[in-house]
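To keep things clear, I will list the structure first and then write my remarks on it.
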Amino acid sequence: MPSLNQLTISLLLPALVFCVIYTFVAYLMNRDFNESLLKWLIAAALGIAYIIGYIGLEGKLTLKPIESRHWIFYLTVVTVGTSVLWHKYKVFGLILEVLLSILVPRILLISYYEYSWSIFEGLMWWMGLAIITFLFLRIVQQSFKTLPQNATIPFVYLGISGGTALILALSGSMLLALHSSVLVALFTALWILTIVLPRILKSDASHNLTVLLIGITPVLSILLVSIWLNGYFYAEVPSVSVLLLVIAPLFAVVTKKKSQLIQIGLIAVSVCIAIGVAVLRSGIF
């Protein structure tokens, strides 16, 4: 288990770094900077902040990944590096989505492909997980468009990240739970900023800034998928819990014409049931 100092570096320092970069983007909003660049800066803020948390938890960078979670660092770097063009060119973004959807399950589950699954079984899992990953990438992007452009977006993903951390802890993987807790810290900071900054800026830039949040969707999606795959295949996270977490953002999309309360309520119900299943499976009672 990480020490208290490691936890401080892993949770508080990433949140502080993210706040500084996000506030800097807010400053640039008033100076007519390129929108694609600002979206990338927000994506980079999330990626950089998570990497700081990752190093704090792991203690060092493993240049040659030994365990599946070590690949999350490299996937984050690749996603941050390519997301600069993700929203600028739709075709390029679509190609990246397809490539990452194919790449992520294959890299993270390499031990299963080499030692556990037959060729046919491995292909079936690969195809199924690639499709689910691609659909999730699309769902997350749509959820950022359909959820109200205010503090609702960070609040929703704070709940999903928090539910993920709790389920992982209940399933016996505290280290993975802490990796998810880094996202909890970042979305807590983002939630506070989306409430505080509009009062400070007192301009239309505050609204435009929340619109730019869609820039973080590539990095966020890959981080969540990577943590869930590690939790399901290398810990004891129930399949029902993973499925409920995956479909939770979908409720924001299918209820886009409904009230904000209904959107948040359905997402919360999905996450809470996922936690409940993990509690029952954990043997606490």
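The values are calculated or read from the model by the stated rules, or taken from the named source; none is laboratory data. In this text, all values refer to a predicted model and were calculated from it rather than measured experimentally. Backbone-built Cβ (ideal geometry, glycine too); neighbour counts: all protein chains shown. What goes into the accessible areas is simple: the full protein's heavy atoms, side chains included, and nothing from ligands, DNA or RNA. Shrake-Rupley method; radii C 1.70, N 1.55, O 1.52, S 1.80 Å.
Residues in the chain average 47 Å² of solvent-accessible surface per residue, probe 1.4 Å, ligands and nucleic acids excluded.
Principal-axis analysis of the Cα atoms of the chain puts helix 174-201 at an angle of about 10° to the longest axis. What does the charge add up to near Thr133, with Lys and Arg as +1, Asp and Glu as -1, over the other residues with Cβ less than 15 Å from its Cβ? Once all neighbours under 15 Å are counted, the net charge is +1. Were the residues from Thr23 through Lys60 laid out at 0.36 nm apart, the gain over their Cα-Cα distance would be 10.5 nm. List the relative contact order of the chain as a percent without decimals, with contacts defined as Cα pairs under 8 Å and 6+ residues apart. Computed over the chain, the figure is 26 percent.
Distance from the Cα centre of region 139-192 to that of region 74-100, in angstrom? After rounding, the separation between the Cα centres reads 21 Å.
A cut-off under 14 angstrom between Cβ atoms defines the neighbours of Leu109, and their net charge, with Lys, Arg +1 and Asp, Glu -1, is -1. Spin-label point model (7 Å from Cα, Cβ direction): what's the Glu114 to Val279 distance in nm? Result: 4.0 nm between the two label points. Counting only protein heavy atoms, what percent of the accessible surface of region 135-239 is carbon or sulfur at a 1.4 Å probe? In region 135-239, the share of accessible area belonging to carbon and sulfur is 62 percent. Using only Cα atoms, find the angle between the long axis of helix 13-29 and the longest principal axis of the chain, and express it within 0 to 90 degrees, rounded to the nearest 10. Relative to the chain, helix 13-29 is tipped by roughly 40 degrees. Relative to the longest principal axis of the Cα atoms of the chain, the long axis of helix 260-282 lies at roughly 30 degrees. Each of the trypsin sites (Lys or Arg not before Pro) that DSSP puts in a loop and that has at most 14 other Cβ atoms within 10 Å breaks the chain; the longest unbroken stretch is 61-201. Expressed as a whole percent, the accessible surface of region 21-68 that belongs to carbon and sulfur atoms is 61, based on a 1.4 Å probe.
Can you bin the chain into rounded, prolate or oblate? Criterion: square roots of the alpha carbon gyration tensor eigenvalues sorted a ≥ b ≥ c, rounded for a/c under 1.5, prolate for a/b above b/c, oblate for the rest. Taking the square roots of the gyration eigenvalues as a ≥ b ≥ c, the chain is rounded. At the residue level, Met124 shows approximately 90 square angstrom of accessible surface with a 1.4 angstrom probe and all protein chains present.
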